[in-house]
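Notes follow once the structure below has been shown.
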Amino acid sequence: MPLFEAARWAPSSYNNQHWRFLYATREDGEFEQFSELLNEGNRAWAENAAVLVTLVSKQTFDHNGAPARTHSFDAGAAWQNLALEASRRELVAHAMQGFDYEAAAQRLDVPDQYSVECMIAIGERAPAEALPDELQEREFPKGRKPIDEILHHGGFAD
Ligand SMILES: Cc1cc2nc3c(=O)[nH]c(=O)nc-3n(C[C@H](O)[C@H](O)[C@H](O)COP(=O)(O)O)c2cc1C
């Protein structure tokens with residue numbers, strides 16, 4: 001719950017709080033329904049998570065029904081808050097786009113005006129040796145693009 005509490009305080013356009021978190025814990029009957037949405041590569045490790053989450057966002061504003069251009073962006077801020085709180089508590093929160101978006105919308109009864117954004121696995125970090133060989137190879141710290149590739153003084157052309 002503290003992870004979702006952190007997510008709840010993310011900023012959003014018009015403070016509309018477009019994010020909705022659908023979740024199942026390992027103890028829940030629905031857990032398998034969530035894990036079945038994942039592609040094979042993700043399911044191999046994510047089905048051992050404590051919690052699986054599907055993050056969806058409302059595409060329109062509550063106050064006037066107009067399209068909310070930044071609904072995905074705002075849901076992304078909420079996800080990052082959740083991930084940072086997880087990290088602070090020495091838990092791991094891992095976002096995933098490798099799952100069946102249409103099946104998620106259908107099986108989790110997501111209303112039409114909501115978009116499925118991503119799934120999130122939350123749990124304690126397991127040793128890399130618990131993974132199949134091909135996934136173990138991907139267990140190394142990931143770098144980032146250099147700052148001069150992502151930072152432009154003035155317009156994009158500069
Ligand atoms: C929206 C989103 C979707 C992602 N989808 C997947 C995924 O389906 N499977 C996976 O193993 N990692 C997925 N990742 C994790 C990224 O690959 C990972 O964050 C990136 O490689 C950087 O690694 P780091 O977070 O360990 O620094 C996703 C991350 C985000 C933010």
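Tell me the residue from Ala128, Ala103, Ala121 that is more than 12 Å from the ligand (Cβ to nearest atom), open to solvent by less than 100 Å² (accessible area, probe 1.4 Å) and within 14 Å of Leu38 (Cβ to Cβ), please.
Values: Ala128 fails: within 14 Å of Leu38 (Cβ to Cβ); Ala121 fails: more than 12 Å from the ligand (Cβ to nearest atom).
Just one listed residue meets the conditions, Ala103.
So in segment 1-28, with the set limited to residues that are among the hydroxyl-bearing types (Ser, Thr, Tyr) and part of a helix (DSSP H, G or I), which one is least open to solvent (accessible area, probe 1.4 Å)? Can you show your working first?
Within segment 1-28, the first condition is being among the hydroxyl-bearing types (Ser, Thr, Tyr), and the residues that meet it are 12-14, 23, 25.
If we keep only those that are part of a helix (DSSP H, G or I) too, we end up with 13-14.
On the way: Ser13: 38, Tyr14: 164 Å².
Among them, the one singled out is Ser13.
Any chance you could count how many residues in segment 1-57 are of a type in the set (S, T, N, Q) and free of Cβ contacts under 8 Å to residues at least 24 places away in the same chain? Give the steps one after another, and end with the answer.
We begin by selecting, within segment 1-57, every residue of a type in the set (S, T, N, Q); these are 12-13, 15-17, 25, 33, 35, 39, 42, 48, 54, 57.
This time we only want the ones that are free of Cβ contacts under 8 Å to residues at least 24 places away in the same chain, so: 15, 35.
Selection size over segment 1-57: 2.
Which numbered condition trips up Pro67, out of (1) within 14 Å of the ligand (Cβ to nearest atom); (2) open to solvent by 60 Å² or more (accessible area, probe 1.4 Å)?
Evaluating Pro67 over (1) within 14 Å of the ligand (Cβ to nearest atom); (2) open to solvent by 60 Å² or more (accessible area, probe 1.4 Å) leaves (1) as the failure.
Looking only at segment 86-100, count how many residues are within 16 Å of the ligand (Cβ to nearest atom) and open to solvent by 30 Å² or more (accessible area, probe 1.4 Å).
So the first thing to find is which residues in segment 86-100 are within 16 Å of the ligand (Cβ to nearest atom), and the list is 86-88, 90-100.
Right, trim to open to solvent by 30 Å² or more (accessible area, probe 1.4 Å) and you get 87-88, 90-92, 94-95, 97, 100.
Number of matching residues: 9.
Take Ser35 and tell me if it is within 15 Å of the ligand (Cβ to nearest atom), over 13 Å from the mean Cα position of the chain (by Cα), open to solvent by 20 Å² or more (accessible area, probe 1.4 Å) and under 24 Å from Met1 (Cβ atoms).
no
Being open to solvent by 100 Å² or more (accessible area, probe 1.4 Å), within 11 Å of the ligand (Cβ to nearest atom) and of a type outside the set (A, V, I, L, M, F, W, C) is the filter here; which residues of segment 140-158 pass it?
Pro141, Lys142, Arg144
What number of residues within segment 73-91 are touching an Asp or Glu at 6+ places or on another chain (Cβ under 7 Å) and of a type outside the set (Gly, Ala, Ser)?
Let us first name the residues in segment 73-91 that are touching an Asp or Glu at 6+ places or on another chain (Cβ under 7 Å), namely 75, 91.
Filter again for of a type outside the set (Gly, Ala, Ser), leaving 91.
Count: 1.
When you check Glu139 against the structure, is it in a loop (DSSP other than H, G, I, E, B) and under 23 Å from the mean Cα position of the chain (by Cα), yes or no? Give the steps one after another, and end with the answer.
On the way: in a loop (DSSP other than H, G, I, E, B): yes; under 23 Å from the mean Cα position of the chain (by Cα): yes.
Yes: the conditions hold for Glu139.
What number of residues in segment 88-122 are in a helix (DSSP H, G or I) and either in contact with a Leu (Cβ under 9 Å, 6 or more places away or on another chain) or modelled with pLDDT under 95 (or both)?
Initial filter on segment 88-122 (in a helix (DSSP H, G or I)): 88, 101-107.
The next check asks that each one be either in contact with a Leu (Cβ under 9 Å, 6 or more places away or on another chain) or modelled with pLDDT under 95 (or both); those that pass are 101, 103-104, 107.
Number of matching residues: 4.
The values are calculated or read from the model by the stated rules, or taken from the named source; none is laboratory data. This one's a predicted model, so the numbers in the text were calculated from it and none came from an experiment. A quick note on method: Cβ atoms are made from the backbone with ideal geometry, for glycine too, and the neighbour counts reach across all protein chains shown. The protein model used for the area step is the full one, side chains on, heavy atoms only, and it has no ligands, DNA or RNA in it. Shrake-Rupley method; radii C 1.70, N 1.55, O 1.52, S 1.80 Å.
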